[in-house]
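A.B. asks: Mind looking over this structure? Questions follow.
The values are calculated or read from the model by the stated rules, or taken from the named source; none is laboratory data. Since the structure is predicted, the reported quantities are computational estimates derived from the model, not experimental observations. Here the Cβ is made from the backbone with ideal geometry for all residues, glycine too, and neighbour counts use every protein chain on show. Protein only, heavy atoms only, side chains kept; ligands, DNA and RNA dropped before computing areas. Shrake-Rupley method; radii C 1.70, N 1.55, O 1.52, S 1.80 Å.
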Amino acid sequence: MNPGQSEFGVLARIPEGGTIRPRPGIRFGHAVREADGTVLPPDGSAPRAEGPLYVSLRIDLAPGPPEEMMRGLLTTLGDLAEQGWAMQVQQLAGSPFSTTLAALHAEPAALPHLPGGPADGAGVLVGVVDFGCAFAHPAFRHGPDGLGGTRLRLLWDQNGPTQPGAALPGRFLDPAELDGFLARPDPYAAAAYLPWENGYRLQDPATRGDPAAELEFRTAVHGTHVLSLAGGRRPAQGPWAVPTPPGVAPGAALAFVHLRPRALVSEGDATDVFDGVCALFHLAAREGMPAVVNLSIGANTGAHDGQGLMDRAFDALLATPGRAITVASGNMREAGLHRAGEVTPEKPATLTWRFAAGDRTANMLRIYTPMQEGMPALDLSLGRPGEAPDSLLEPGRLRDDPAIVLRDREDAMIGTAVSTTRPPHTEAPLQHFEIRLMPSGAEESWQVTLRLAPDAVPAPRPFQAWIERDDRRPDSSSWFEPRLPPPGETLDGAGCSLGSLACAERPVCVAAYALPGQAPAQFSSMGPTGSGTEKPDLAAPGVNVPGASGLGGLRDGDGMTHRASVPMTGTSMAAPQVAGIVALMLQARPHLPAERIRAILRETTREARAGAAWTPELGAGRVDAAAALARTLEEPA
């Protein structure tokens, strides 16, 4: 929780028979019926439906000292939990383009022809929940020259002005409004929307005013790149025909949800992501289209076991046929953000939490362990850099006070420590610690020690520890020491490095490999999940992948066209290519269930067809669009 924060986002599961009534200071967003995935859009009142619901809530926070805000919030969450609500709070990537399409086996000539025409995603909605949509780019417009009307059915900018009393943040731009902006000389100024000022990446203040740095910052726009890989369209003629990168499903309808900055990693908000996905599927249902939604975003909240409320909400959404979600596996394979271990009566567990020099943002650590006979079993202590292991927080203190403000020797606030037995991300009771620290700016190591509580049963207790990542400021990071094992060795306890959104069962989790050699990308997160489920599902190209730039479709002061494409790297780039392939599958079979989509993709990888087994790096193997589409055509119409 930040000073000055005015609201707190919660994803809740309300069981059948649970009390749902208007409450002061709580606003309801989208709801999803668990039984069949029906999306219930917000209407200003508490949602009403038979059976359990997943619903987003936004809790207004009264201003005050951090201790009072935390305790007030915990009281509200506890009140809801007593009524059976389970909650998740998530403190929430020839032609120079031909190589990628060839690797996917997705060139138009390689794809099976569909009865209604070419395989291009026509009649399918491709939605993206991300940061920054350059809607003026020719890849997202109609017309032979890519300068016609918009292909976007919706642009929801959650950062835009919110109407008083509105259940959802921001503004919703429809095709008519976007076309009006496109008719203006400067569409982004007319819309009061700058795709590059998107919250995903902050520009270094030292580079402001540097023309080259400004140009680079405006060119590499994450969400724009992602959307183009899934559904970008190359114009047939004009100045943008050659440089505009083609997507896998250029005939699909498009939609984009631009998240607020807090929906990313260390200050994430599960409700914004959840509402974005719900809004896209609801749009598709209104327009009578199947849909695939891509999430090239992530966080490290939760036990990464596929059982968190966001995981289960995604699985519920995908109970409706004709829907799919693709998720980037994450770029954390070598980040040193996860440790798993065991605390025994004879040996506590010590974690070394390393802060980088110059770190300017708060760092967050979460630890999870199963309850022991219904009771918490572990104590946590925290040691200042270079001091005793309990010099800042002594063992047992969090049992006496579950929400503590941490202060330095001058009594200035430097962080918070929270302990709960119903962590805000899952329905099952777990002992959960959350430590948030503001770094000093010096390179430093904090010691976190876990030991059995005095009244605990003297038996080994497993734990999972995750450091939240910080994409907005790559120079501000923390990690477990050692971050990497010595050459030729493995690191005990490193385990799963998947992002928390990548662990649900029904969505398709996508890893990355590099071209031309097709080796697994060194950064691509590895599975399996914390519960042993086989994730990632498969892999696609993710290194130096060309996609749409933030300035495509615009000209500089001399009338010269800006760059239409830019290469980017990450599993963020791999996932939307698979989303495009899913759009082709849904074009062929609009009512294909998510389970069959995922199974077909896994069964038709190049490795799977050769009899290879699943691997933690590449899942079932490298995706093959043509083979997946051919197998889809064998499904009942």
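A.B. asks: Put +1 on the Cβ of every Lys and Arg and -1 on every Asp and Glu Cβ in the chain; which of A206, G251, V10 then has its Cα farthest towards the positive end of the dipole?
C.D. replies: G251
A.B. asks: Under a 1.4 Å probe, what is the accessible area of segment 338-483 per residue, stated in Å²?
C.D. replies: Values: 6160 Å² over 146 residues.
About 42 Å² of surface per residue is accessible.
A.B. asks: Just want the answer: with Cβ charges of +1 for Lys and Arg and -1 for Asp and Glu, which residue in L430, T569, L498 is farthest toward the dipole's positive end in the chain?
C.D. replies: T569
A.B. asks: Counting only Cα atoms, I'd like the Rg/Rh figure for the chain, Kirkwood definition for Rh.
C.D. replies: Checking Rg against Rh, the ratio lands at 0.96.
A.B. asks: Still on this structure, I have one more. Looking at segment 100-193, which trypsin sites (Lys or Arg not before Pro) are in a loop (DSSP not H, G, I, E or B) and have at most 12 other Cβ atoms within 10 Å?
C.D. replies: Here no loop site has a sparse enough neighbourhood.
A.B. asks: Using only Cα atoms, locate the centre of segment 121-157 and the centre of segment 217-235, then give the distance between them in Å, rounded to an integer.
C.D. replies: 10
A.B. asks: Which GluC sites (Glu not before Pro) from segment 561-628 combine a DSSP loop assignment with at most 13 other Cβ atoms within 10 Å? Kindly include the intermediate steps, with their values, before the conclusion.
C.D. replies: Details: sites: E595, E603, E607, E617; in loops: E617.
Nothing satisfies the criteria.
A.B. asks: At a Förster radius of 60 Å, what calculated FRET efficiency corresponds to the Cβ-Cβ distance of D411 and H113, to the nearest 0.05?
C.D. replies: Working: r = 72 Å, r/R0 = 1.21.
It comes out at approximately 0.25.
A.B. asks: Please work out the ratio of the alpha-carbon Rg of segment 338-483 to 2.2 N^0.38 Å and round it to two decimals.
C.D. replies: Computed over Cα atoms of segment 338-483, the ratio equals 1.02.
A.B. asks: With N set to the number of residues, divide the alpha-carbon radius of gyration of segment 278-334 by 2.2 N^0.38 Å and report two decimals.
C.D. replies: 1.28
A.B. asks: Fully extended, how many nm does the chain gain between E334 and R208 (0.36 nm per residue separation, minus their Cα-Cα distance)?
C.D. replies: Working: separation 126, 0.36 × 126 = 45.36 nm, distance 3.12 nm.
The E334-R208 span can extend by a further 42.2 nm.
A.B. asks: Here is a follow-up. Can you give the calculated 222 nm mean residue ellipticity of the chain, where each DSSP H run of n ≥ 4 adds -39,500 (n - 2.57) and the sum is split over every residue, rounded to the nearest 500 deg cm²/dmol?
C.D. replies: Using -39500 (n - 2.57) per qualifying helix, the result is -5500 deg cm²/dmol.
A.B. asks: Projected onto the charge dipole of the chain (+1 at Lys/Arg Cβ, -1 at Asp/Glu Cβ, origin at the Cα centre), which of H338, M413, A514 gives the Cα projection farthest towards the positive end?
C.D. replies: A514
A.B. asks: Given +1 on the Cβ of Lys and Arg, -1 on the Cβ of Asp and Glu, and no further charges, what dipole in debye does the chain carry about its Cα centre, rounded to the nearest 20? Kindly include the intermediate steps, with their values, before the conclusion.
C.D. replies: On the way: 54 positive and 71 negative charges, 258 e Å.
So the dipole magnitude of the chain works out to roughly 1240 debye.
A.B. asks: Let me know the Kirkwood hydrodynamic radius for segment 586-635, please, with Cα pairs as the basis and the value in Å to one decimal.
C.D. replies: 11.1
A.B. asks: While we're looking at this one, here's another question. Report in % the part of the accessible area of the chain that belongs to carbon and sulfur, leaving out ligands and nucleic acids; probe 1.4 Å. The partial results should precede the final answer.
C.D. replies: Numbers: 12540 of 23560 Å².
Summing carbon and sulfur atoms, their accessible area is 53 percent of the total for the chain.
A.B. asks: Turning to a different aspect of this structure: I'd like the FRET efficiency for E287 and T561, computed as 1/(1 + (r/R0)^6) with the beta carbon distance as r and R0 of 41 Å, rounded to 0.05.
C.D. replies: 0.80
A.B. asks: Let me ask another. Go through segment 353-443 and name the GluC sites (Glu not before Pro) that are in a DSSP coil and have 15 or fewer other Cβ atoms within 10 Å of their Cβ.
C.D. replies: In loop regions of segment 353-443 (DSSP not H, G, I, E or B), the sparsely surrounded GluC sites (Glu not before Pro) are E373, E387, E410, E443.
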